[in-house]
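Asks: Structure below; questions to follow.
The values are calculated or read from the model by the stated rules, or taken from the named source; none is laboratory data. Bear in mind that the values here come from a model prediction, so they are computed numbers and not experimental data. Here the Cβ positions follow ideal geometry from the backbone for every residue, glycine too, while neighbour counts run over all protein chains shown.
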Amino acid sequence: MRTLTVTLLAAAALGGCATVPAPLAGNNFAAITPQQAVSADASGQHVRWGGEIINVEPRADVTCFEVLSRELYADARPSRHDHSDGRFMACSKGFYDPAVYTKGRDLTVVGSVSGTEQHKVGEFDYTFPQVSAEQVYLWPKREYVNSYPFGYYDPFWGGYGWGGYGYWGGPWYGPPPVVIVRPHHH
């Protein structure tokens, strides 16, 4: 029994380890946010920043990404919390297709802060820190799956279950009844 417990704990510990994709690996990144990079002279600082793609603009020899900055998880993927550390521009050599790098996708870049640039966000003049990106990593789309098996109730998302109140406004013990209507033959 003790061996089984130790094995299960070891498996859980290894399963919880975050693996940073190889292009984003490293630990010599400046601990500076995009907002801090604008207020301080951060030019030349090596950073790993990520967030949600707002816009993609292919230019003559580079593609520039406007990104809503998000805090990174241990695996370097941007979080989906409502908090943001501002916006930044990341430009990388080559062509990145805007049909693939679409608005709302998660992106993480590694590169050096190369100054700032001004753009409008609505009517507001916004100062973006700019990153010369050495690595651009597009994360797979997030898939949200209901992990509750059939017949169990999730009190946070609603739905039916054993004695829970479902979308239909009443107590259900399992799914709502299925009514099959067959033609009546005379």
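Asks: Which of the strands (runs of 3 or more DSSP E) found entirely inside the stretch 75-186 contain at least 2 residues meeting this: in the same structural domain as Gly50 (by TED's automatic domain parsing) and modelled with pLDDT of 95 or more?
Replies: Result: 87-93, 106-121, 124-138.
Asks: In the stretch 55-69, what residues are farther than 14 Å from Ala133 by Cα, in contact (Cβ under 8 Å) with a residue 24 or more places away in the chain and under 15 Å from the mean Cα position of the chain (by Cα)?
Replies: Hit for the stretch 55-69 is Ser69, nothing else.
Asks: Pull out all pairs, ordered by first then second residue, where Cβ-Cβ is under 8 Å, the residues are six or more apart or on different chains, the first lies in the stretch 77-89 and is over 19 Å from Gln118 (Cα atoms), and the second is modelled with pLDDT under 90 and of a type outside the set (A, V, I, L, M).
Replies: Every condition considered, the pairs that remain are Arg80/Arg142.
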